[in-house]
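Data first, discussion second: the structure below is written as structure tokens.
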Amino acid sequence: MKNLKESKVWVTNIKKNNFNMIDVKFECEGNFKEKDIRNFVEESVNQTIEILKNSDLKTYISVFLTNNKEIRKINFKFRNIDKETNVLSFPQNEERVMIDLENYLILGDIVISLEKILAESKEREKSFYKHLLHMIVHSTLHLYGYDHTNKKEADIMEEKEKDVLNELFKRKNFKL
């Protein structure tokens, strides 16, 4: 997603712990509580990576939280699909030396329309945060190479989603 980053002023808010670097960009108008959502996304991504981790490398993911208008533009630009969607994933999976001169696995970029997530959560009578969590897990699985282009892949990915979500819900430090 280098073109997306180059087309905007990319103000970063990198949250780093001993294992992961999560870069969250929040650019969404509306009644969204930025700090709460940003913290939820960072915690969700960190814990999802912890469950899925298959490497000793530290991990980097960028997350862009936006609205329907922006995700529609991105969807058209990179996938030639002219409609909004809830989430887009752009896997990179490359090893690179980062800020602290350590190697990181650059998993890729996630783009989430908070506006779409809110609308879908209302339609499904589901908590906004539960639906957001599901989309974070789903998109992170895409960064790890899971897909749903055919029934077999979809079944495997859906089972993995359920496993990760169940593990997240079991964790005491995870709050919805």
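Key figures for this structure:
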item	result
Cleavage-rule hits, GluC sites (Glu not before Pro), the stretch 39-114, DSSP coil, Cβ neighbours within 10 Å at most 13	Glu102
At most 11 other Cβ within 10 Å, DSSP loop - trypsin sites (Lys or Arg not before Pro), the stretch 44-134	Lys83, Arg124
Cα gyration tensor shape of the stretch 2-170, rounded if a/c is under 1.5, else prolate or oblate by comparing a/b with b/c	rounded
Whole-Å distance, taken between Cα centres, linking the stretch 61-94 and the stretch 20-38	16 Å
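Here, each number is a calculation from the coordinates, and none is a lab measurement. What you see is a predicted model, and the numbers here were worked out from it, not measured in a lab. Here Cβ is always computed from backbone atoms with ideal geometry, including for glycine, and neighbour counts include all displayed protein chains.
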